[in-house]
Amino acid sequence: MIEAEHLTKYYPPPFRGFFDLGSLRDFLGKPREEIPALIDLSFRVREGEIFGLLGPNGAGKTTLCKIANGLLEPSSGKLLIDGHDSFREHGKVAGEMFTVFTGERDMWGIFQWRLSVQRNLQFIARLWKVPEGEIGERIEYALKLLNLWEKRDEWYQKLSAGMKQKVYIASALVVRPKYLILDEPTVFLDVITKSEIHDAIMALVRDFGTTVILTTHDLSEAEKLSDRVLLFNKRPILEGKPEEISRKLEVDFDRKVLLVVEGSAPCPGGYLVRCIRKGNFTHVTAYLKSGEVNEFLSRFPSGKVLSARVENLSLEDVFMILFGS
């Protein structure tokens, strides 16, 4: 089990050099305020589930992943993995964990550019102490699942960014860790590659009982993969099943209205609404209560409304309400 208890992390203000006035004030007098990355974050991840962490840029998602891997010490609070402090006792749990960071950021430096995909995976398997007799079988399973089998003898440096990202996920399939931490594993990837990685993640959980922490900007990805979701922005905001997150905001909104209006249309006041002019049309998005829909639509001349659509709120809509402008 993974459990965060009042996890807090502050970064010192950036040092710009001795000739910078701000840095000089820090040195001579009262230092500038530290920069908050995580503030009093608590959650519990059950064994065998996919726990989604959702937040905007700067919410603290990567900071949390680094704390889990013993790379950063929290300012206060702690992150426990099987009851062990992730920073102070990381050596006791390191062999049970595997982490994939965003895009091509190979933070561990363990992928050798002039070795083949297969040789790299063999090296990682031995590093994580996979039984020697199982290495070949596991590599074949992982590469075929991710449609990389034909690339097994190709140098790692020749792979595209998307294929490298699939190799990272293949590494997790070879290691089959107890805990897998994925820091935005499908960012910038095409739809097909993203779907292949989703299938691999679900296979790890279904077939090998892996517990997954997934940080993502992709709201559809969170809805598809996560058993539970924590919505946060440095501080926790909402936690629950993906479908429950939307329901928790139904007191305020439960409908989304999408309009395309001919010409320039002013945004009606009194609503959470966004109007964007594109050429000779105005695209209107409004978040409303059910009883407000007809009144809102009556604000626009019927002859000018080219299309109108009313939808239930999705998790992505909730994300926009909380963090969008």
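The values are calculated or read from the model by the stated rules, or taken from the named source; none is laboratory data. Treat the numbers as computed from the prediction; the structure is a model and nothing was measured. Glycine also receives a Cβ, built like all others from the backbone with ideal geometry; neighbour counts cover every protein chain displayed. Accessible surface areas use protein heavy atoms only, side chains included; no ligands, DNA or RNA. Shrake-Rupley method; radii C 1.70, N 1.55, O 1.52, S 1.80 Å.
Some values worked out for this structure:
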item: By accessible area with a 1.4 Å probe, ligands and nucleic acids excluded, highest first: order of Tyr11, Tyr156; result: Tyr11, Tyr156
item: In segment 234-325, the chymotrypsin sites (Phe, Trp or Tyr not before Pro) that fall in loop regions by DSSP, at most 10 other Cβ within 10 Å; result: none
item: Theoretical gain in end-to-end length, Ala308 to Lys129 [0.36 nm per residue, Cα-Cα removed]; result: 58.6 nm
item: Total formal charge among the other residues, if their Cβ is under 13 angstrom from that of Leu121, Lys/Arg +1 and Asp/Glu -1; result: +4
item: Along principal axes, Cα extents of segment 2-247, largest first, whole Å; result: 61, 48, 36
item: Phe208-Trp155 FRET efficiency (beta carbon distance; Förster radius 22 Å; 0.05 resolution); result: 0.15
item: Cα point-scatterer Debye curve for segment 250-323, base-10 log of I(q)/I(0) at q = 0.11 Å⁻¹; result: -0.25
item: Long pairs among Lys92/Lys234; Lys61/Lys92; Lys129/Lys178; Lys92/Lys129; Lys9/Lys61; Lys178/Lys248, criterion Cα-Cα beyond 20 Å; result: Lys92/Lys234; Lys61/Lys92; Lys178/Lys248
item: Pairwise label distance in nanometres, Lys248 with Ile192, each label 7 Å out on the Cα-Cβ vector; result: 3.8 nm
item: Heavy-atom accessible surface of segment 2-247: percent carbon and sulfur, 1.4 Å; result: 52 percent
item: Sparsely packed chymotrypsin sites (Phe, Trp or Tyr not before Pro) within segment 162-237, loop by DSSP, other Cβ within 10 Å at most 16; result: Phe188
item: Within the accessible area of segment 250-323 (1.4 Å probe), percent carbon and sulfur; result: 49 percent
item: Solvent-accessible area per residue, Å², over the chain with all protein chains present [probe radius 1.4 Å]; result: 50 Å²
item: Residue-count net charge about Gly95 - beta-carbon cut-off 10 Å; Lys, Arg +1, Asp, Glu -1; result: +2
item: Stretchable slack from Arg274 to Lys92, in nm (0.36 nm times residue separation minus alpha-carbon distance); result: 60.4 nm
item: Those residues of segment 49-66 whose amide nitrogen sits under 18 Å from the label point placed on Glu33, 7 Å along Cα→Cβ; result: 58-60
item: Per DSSP, loop GluC sites (Glu not before Pro) in segment 118-164 with at most 16 further Cβ within 10 Å; result: Glu154
item: Charge tally in the Cβ shell below 12 Å around Pro74, where Lys, Arg are +1 and Asp, Glu are -1, Pro74 excluded; result: 0
item: Eligible lysines near Lys194 by straight Cα distance, threshold 17 Å, same-chain separation 8 or greater; result: Lys144, Lys164, Lys166, Lys224
